[in-house]
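The values are calculated or read from the model by the stated rules, or taken from the named source; none is laboratory data. In this text, all values refer to a predicted model and were calculated from it rather than measured experimentally. Quick reminder, even Gly has a Cβ in these numbers, built from the backbone with ideal geometry, and neighbours come from all protein chains shown. Each accessible area value is taken on the protein alone, full model and side chains, heavy atoms only, with ligands, DNA and RNA left out. Shrake-Rupley method; radii C 1.70, N 1.55, O 1.52, S 1.80 Å.
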Amino acid sequence: MNVNKLLLLYSGILTAAFAFAVVSEAGADTRPGKAAFEEIDVKRINVREDDGTIRMIVSNSSHAPGIIMHGKERPHPAGNRGAGIIFYNEEGSENGGLTFAGKTGPDGKVSGGGHLSFDQYEQDQVIQLTQSEYDGRRWAGMIINDRPDQPLDFDLAERISKMPDGPERTALLEKVQAESSFGRQRLYVGKTRDRDSAVMLSDAMGRPRIRMQVTSDGKASIDFLDEKGALIRSVAPNTP
């Protein structure tokens with residue numbers, strides 16, 4: 001065998017060996033559209049169904065979505081909601097999410113929090129697992145809400161968010177609360193900013209009626225409240 005044939009054979013063997021090594025390292029998965037990465041840096045990932053319907057968005061703060069309902073996006077009433085994951089139902093409408101934050105501000109005060117929630121159909125959060133802190137005061141809890149049967153009024157929410165503090169905004173908020181336009185809280189279980197552990201049970205109008213708590217110094221009680229929030233009766237360990 002001459003030298004040229006020997007080199008050609010040697011080259012072929014090396015090429016075959018390299019190709020085998022690449023395929024083996026990739027798990028021999030050659031399906032179209034299939035890719036594997038050890039590490040990837042992104043600012044946003046959109047997860048969609050085969051027909052293009054959005055089902056989940058993972059993003060940083062600057063690329064966070066607004067409110068998407070039936071595939072159409074509009075600005076979020078609160079502005080930028082921050083980094084996290086937003087869930088969407090089969091119709092491409094927001095269905096809950098996970099957000100988180102934490103920083104030391106220019107004034108040296110720490111603020112932060114985390115929030116996981118799930119929404120009623122075309123409405124707002126009905127289940128919340130959340131925690132928040134600012135300047136050394138912290139609270140955390142699970143919250144259950146009632147929501148109206150009709151879809152969430154985004155125009156009203158946006159209007160309120162843009163109103164300056166004052167009598168007009170206060171009056172509108174009181175009207176919204178009285179009409180339950182955005183729903184009412186029914187259950188709170190958690191820790192308060194005063195470091196009490198508490199369970200609050202509210203009626204259909206969102207009025208607290210039973211308050212169970214253990215204060216930071218260990219005092220336990222169960223309070224019964226009337227519709228105006230006045231104490232009717234309090235039961236403590238030493239109550240006759």
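So how tilted is helix 3-25 from the main axis of the chain? Cα-based, degrees 0 to 90, rounded to 10.
Computed tilt is about 20 degrees.
If you average the alpha carbon positions of the range 71-112 and of the range 181-232, how far apart do those two centres end up, in angstrom?
28 Å
Tell me, what is the FRET efficiency for A36 and Q213 to the nearest 0.05, using R0 = 51 angstrom and their Cβ-Cβ distance as r? Walk me through the numbers on the way to the answer.
Values: r = 52 Å, r/R0 = 1.03.
With a Förster radius of 51 Å, E is 0.45.
Keeping all protein chains in position, work out how much accessible area S62 exposes to a 1.4 Å probe, and write it in Å² to the nearest 10.
Here the residue's solvent-accessible area equals roughly 90 Å².
Past the 27 angstrom mark, what percentage of all C-alpha to C-alpha distances in the chain do you count?
Working: 16369 of 28680 pairs.
In whole percent, the share of Cα-Cα pairs in the chain beyond 27 Å is 57.
Can you tell me how much longer the chain between K175 and V235 gets when fully stretched, taken as 0.36 nm per residue apart minus their C-alpha distance, in nm with one decimal?
Working: separation 60, 0.36 × 60 = 21.60 nm, distance 3.45 nm.
Difference between extended and current length: 18.1 nm.
At 1.4 Å probe size, with every protein chain present, just tell me what the per residue accessible area of the chain comes to in Å².
Details: 16400 Å² over 240 residues.
That works out to 68 Å² per residue.
Sorting H63, H115 by accessible area (1.4 Å probe), largest first, what list results?
Values: H63 75, H115 35 Å².
Largest to smallest exposure gives the sequence H63, H115.
Report the full-extension gain for the segment V110 to R159: residue separation times 0.36 nm, less the Cα-Cα distance, to one decimal in nm. Could the numbers behind the result be given before it?
Details: separation 49, 0.36 × 49 = 17.64 nm, distance 3.00 nm.
Full extension of this stretch gives 14.6 nm more.
Can you tell me, using C-alpha contacts under 8 Å and at least 6 residues apart, the relative contact order of the chain as a whole percent?
Computed over the chain, the figure is 8 percent.
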